[in-house]
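Written below as structure tokens is the structure these notes are about.
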There are 2 protein chains.
Amino acid sequence: MRLSGGVEWALHCCVVLSRGVEEPVPVARLAELYDVSPTYLAKHLQSLAADGLIESVRGKRGGYRLTRSAESITVLDVVRAIEGDGAAFVCTEIRQRGPCAAAAEDCQRACSIARVMIAAEEAWRSALRDVSIRDVADDVDRVAGKGALTRMRSWLAAAPSIGA
Amino acid sequence: MRLSGGVEWALHCCVVLSRGVEEPVPVARLAELYDVSPTYLAKHLQSLAADGLIESVRGKRGGYRLTRSAESITVLDVVRAIEGDGAAFVCTEIRQRGPCAAAAEDCQRACSIARVMIAAEEAWRSALRDVSIRDVADDVDRVAGKGALTRMRSWLAAAPSIGA
Ligand code: FES
Ligand code: FES
């Protein structure tokens, strides 16, 4: 079980977009900040936009910005935008197979095994739902020093990248 | 993020092997019980054996059996045997990239984002670690009726499958 690499990129982008000026940031500029391919980053930003977490602003000073406050965007929102919200464990109703199969009418309730797996996923989701992008940004301030995110934000707002 | 289908098979096999007689069960017989390809099932049983959760007994009445009591095998043990124990979220140190990169010496502690993701996975693992195969079997008794697992176990112990 492996999360897509896009999760790390999307979370970093949301955290940096959450701090300081609210000016939209072009994909090319974000890509420069992280020294990554703009095409690759654009794919993940489009997933965030599709889920309504960021929006694209057109025009000369266009780019992406958060659609709402960082308090109201959870880490789970971002993970879901990238990964989709399908369950990690999918029950194929093994119990209804073969010579000792349970009857379909006895299988209204999820299987004991499925319920354990679903509860564990809910614990995972709940942990990600409890933390907002604002919380993460505050923690970066604590750990990396108050200046780190502000510096990145100023860098983003400075000279536009060539061809942005 | 999707768990392999083998997780559901492996858990069902461990639960059924945990009940009743302790006689080893041939792969072919387990495959018949679930009406699934023996080759497919064998692959997952081999993963369980590689992690020491089941063992293969040779001979005419050979087959697989649990190596230890069902109380001492957790759902997490089984999931790990199938999925491996790699983390779902892998931090590639994005924070150390580009013009605003954090210095390596400031990155001894995991990134704020990575720590949230790691904590969520630990919540997931912990939920799976809290439930033993015995707990699951007891729950099946409650939900599907006390007879269900015993019936399957008797069926497994009955006539050997052709070519088992
Ligand atoms: S039938 Fe799917 S988990 Fe048991
Ligand atoms: S650097 Fe990897 S999660 Fe932040």
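The values are calculated or read from the model by the stated rules, or taken from the named source; none is laboratory data. Predicted, not measured: the structure shown is a model, and the values here were computed from it. Backbone-built Cβ (ideal geometry, glycine too); neighbour counts: all protein chains shown. Note: accessible area is taken over every heavy atom of the protein model, side chains too, but ligands, DNA and RNA are not part of it. Shrake-Rupley method; radii C 1.70, N 1.55, O 1.52, S 1.80 Å.
Of note:
- If you go through the range A:4-15 and keep only what is open to solvent by 10 Å² or more (accessible area, probe 1.4 Å), at pLDDT 95 or above and more than 9 Å from ligand 2 (Cβ to nearest atom), you end up with just A:TRP9.
- Only a single criterion out of (1) under 27 Å from B:PRO26 (Cβ atoms); (2) open to solvent by 60 Å² or more (accessible area, probe 1.4 Å); (3) within 10 Å of chain A (Cβ to nearest Cβ) is not satisfied by B:PRO99, namely (1).
- Some residue of the range B:99-116 being within 25 Å of the chain's Cα centre (by Cα) and under 27 Å from A:THR74 (Cα atoms): no
- Filtering the range B:83-96 to residues that are on the phi > 0 side of the Ramachandran plot and either buried (at least 19 other Cβ atoms within 10 Å of the Cβ) or within 15 Å of ligand 2 (Cβ to nearest atom) (or both) leaves only B:GLU93.
- Scanning the range A:138-148 for residues that are more than 8 Å from chain B (Cβ to nearest Cβ) and either among the hydroxyl-bearing types (Ser, Thr, Tyr) or within 21 Å of the chain's Cα centre (by Cα) (or both) yields A:ASP138, A:ASP141.
- Residues being over 23 Å from the mean Cα position of the chain (by Cα) and either more than 30 Å from B:LEU30 (Cβ to Cβ) or at pLDDT 95 or above (or both) are entirely absent from the range A:62-69.
- Check on A:ARG109, of a type outside the set (A, V, I, L, M, F, W, C) and more than 23 Å from A:LEU11 (Cα to Cα): yes
- Members of the range A:2-14 that are within 7 Å of another protein chain (Cβ to nearest Cβ), assigned to a helix (DSSP H, G or I) and touching a residue at least 40 places away in the same chain (Cβ under 8 Å): A:VAL7, A:LEU11
- Matching residues, the range B:105-128, being away from ligand 2 (no atom under 12 Å from the Cβ) and either free of Cβ contacts under 8 Å to residues at least 40 places away in the same chain or surrounded by fewer than 16 Cβ atoms within 10 Å (Cβ to Cβ) (or both): B:GLU105, B:GLN108, B:ALA119, B:ALA120, B:GLU121, B:GLU122, B:ALA123, B:TRP124, B:SER126, B:ALA127
- Which listed residue, of A:ILE133, A:ILE94, is within 16 Å of ligand 1 (Cβ to nearest atom) and touching a Cys at 6+ places or on another chain (Cβ under 9 Å): A:ILE94
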